[in-house]
Amino acid sequence: MHNVDTIMSNLSKLRIHIAPVGFEIDRIVLSAVKMKADKIWLIRDSNPTKDKARPYIEKIVAEFKKEKIRVEFAESDRNDVFQILKAVKEIFEKERKNDIYVNVSSGSKIQAIACMMACMIFRESNATPYYAEPESYPANLGKQQSVGLKDLVELPKYEIHKPKHELVEALKIVKEHSGKITKKEMAKIAEERKLITVNAREENFEQARFASLDKNIIQPLEEHWRFIEIEKIGRNRWIKITPEGSHAAEFLI
């Protein structure tokens, strides 16, 4: 049996749609209208001078205005999967109390891949990806790439694992230090931020702190995720972010 609070919570939820903008109008507008969207986030290119989809955005916004569906914008480089992931993640965070639907058929292939990946990585958002199947694909140049809406297909939400919170925070520390930090300094900051726990007497404290850092932070980040590497310079061991770690930091942090 649902109580009053549960009923009110369900009633207060908005139907939020997310759609990257390419050279499509119907796939975005007709899908959102059919699914009774309350608001849609359009992901446009962050460089307006290079974005050939701008004319389509104007037409899409005009159609949503007629339907009284609120429009908001997010921006990212349409060719950078990590920037798109970050943009979608930020929308997930802003709309976390609502029901979220992600259109993975309206933008470029890179945008579609990034949107699908976001649904799989950030499972806590409970976002539902869907594919809008058009009625036809016209051959005329200068028109949208597809016309009409034949069907809407909900896609399965398989999970892509992401690092646990402590590892993401540790990666953030390395990033904050320009991608390179000594193991000694990292151990101190990790303990201060409660990313590791040290249960040892004073005379063994520093050694125990290093052991905890190695086991809980360094080993998984280096061996499992390949986000960091260790370099020995003189007496110091330096934790350095790898290219994989830099890419992951773009959308995880």
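The values are calculated or read from the model by the stated rules, or taken from the named source; none is laboratory data. Keep in mind it's a predicted model, so treat the numbers as computed, not measured. Backbone-built Cβ (ideal geometry, glycine too); neighbour counts: all protein chains shown.
Only one of Lys65, Lys50, Lys39 is without any contact (Cβ under 8 Å) to a residue 12 or more places away in the chain and within 26 Å of Phe251 (Cα to Cα); which?
Details: Lys65 fails: within 26 Å of Phe251 (Cα to Cα); Lys39 fails: without any contact (Cβ under 8 Å) to a residue 12 or more places away in the chain.
Selected residue: Lys50, the only one of Lys65, Lys50, Lys39 that is without any contact (Cβ under 8 Å) to a residue 12 or more places away in the chain and within 26 Å of Phe251 (Cα to Cα).
Can we say Val147 is modelled with pLDDT of 95 or more and surrounded by 15 or more Cβ atoms within 10 Å (Cβ to Cβ)? Can you show your working first?
On the way: modelled with pLDDT of 95 or more: no; surrounded by 15 or more Cβ atoms within 10 Å (Cβ to Cβ): yes.
For Val147, the condition - modelled with pLDDT of 95 or more and surrounded by 15 or more Cβ atoms within 10 Å (Cβ to Cβ) - is not met.
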Subject >> Breaking point among (1) part of a loop (DSSP other than H, G, I, E, B); (2) assigned by TED's automatic domain parsing to the domain that holds Tyr56, for Glu159 >> reply: (2)
Original post:
Going through the range 211-253 one residue at a time, which ones are more than 27 Å from Ala114 (Cα to Cα), part of a helix (DSSP H, G or I) and in contact with a helix residue (DSSP H, G or I) (Cβ under 6 Å, 6 or more places away or on another chain)?
Top reply: Leu213, Ile217
Original post:
Just checking, which of Ser178, Ser212 is loosely packed, with under 14 Cβ neighbours inside 10 Å, more than 27 Å from Leu14 (Cβ to Cβ) and small (Gly, Ala, Ser)?
Top reply: Ser178
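With respect to Leu149, is the statement that it is in contact with a helix residue (DSSP H, G or I) (Cβ under 7 Å, 6 or more places away or on another chain), outside any strand (DSSP E or B) and in contact (Cβ under 8 Å) with a residue 40 or more places away in the chain true? Can you show your working first?
Details: in contact with a helix residue (DSSP H, G or I) (Cβ under 7 Å, 6 or more places away or on another chain): yes; outside any strand (DSSP E or B): yes; in contact (Cβ under 8 Å) with a residue 40 or more places away in the chain: yes.
Against the criterion (in contact with a helix residue (DSSP H, G or I) (Cβ under 7 Å, 6 or more places away or on another chain), outside any strand (DSSP E or B) and in contact (Cβ under 8 Å) with a residue 40 or more places away in the chain), Leu149 qualifies.
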**OP:** Please state which of the following conditions Ala112 fails to meet, knowing it meets all the rest: (1) crowded, with 19+ Cβ neighbours inside 10 Å; (2) free of Cβ contacts under 8 Å to residues at least 40 places away in the same chain; (3) not aromatic (Phe, Trp, Tyr).
**Re:** (2)
**OP:** Specify the residue that is surrounded by the most Cβ atoms within 10 Å (Cβ to Cβ); the eligible residues are those in the range 35-74 that are at pLDDT below 95 and touching a helix residue (DSSP H, G or I) at 6+ places or on another chain (Cβ under 7 Å).
**Re:** Arg44
Subject >> Residues being modelled with pLDDT of 95 or more and either in a loop (DSSP other than H, G, I, E, B) or surrounded by fewer than 24 Cβ atoms within 10 Å (Cβ to Cβ) (or both) - total across the range 18-34 >> reply: 3
Subject >> Residue list for the range 177-190, restricted to those being over 10 Å from Phe210 (Cα atoms) and either small (Gly, Ala, Ser) or without any contact (Cβ under 8 Å) to a residue 24 or more places away in the chain (or both) >> reply: His177, Ser178, Gly179, Glu185, Ile189, Ala190
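Among the residues of the range 74-120, how many are touching a His at 6+ places or on another chain (Cβ under 6 Å) and assigned to a helix (DSSP H, G or I)? Reasoning before the result, please.
Pass one, the range 74-120, residues touching a His at 6+ places or on another chain (Cβ under 6 Å): 82, 101.
Filter once more, so that each one left must be assigned to a helix (DSSP H, G or I): 82.
Qualifying residue count for the region: 1.
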Original post:
How many residues are in contact with a strand residue (DSSP E or B) (Cβ under 7 Å, 6 or more places away or on another chain) and without any contact (Cβ under 8 Å) to a residue 24 or more places away in the chain if we restrict to the range 216-253?
Top reply: 4
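For the range 190-206, what are the residues that are assigned to a helix (DSSP H, G or I) and buried (at least 17 other Cβ atoms within 10 Å of the Cβ)?
Taking the range 190-206 as the starting set, the residues that turn out to be assigned to a helix (DSSP H, G or I) are 190-192, 202-206.
Of everything in the range 190-206, just one residue is assigned to a helix (DSSP H, G or I) and buried (at least 17 other Cβ atoms within 10 Å of the Cβ), namely Ala190.
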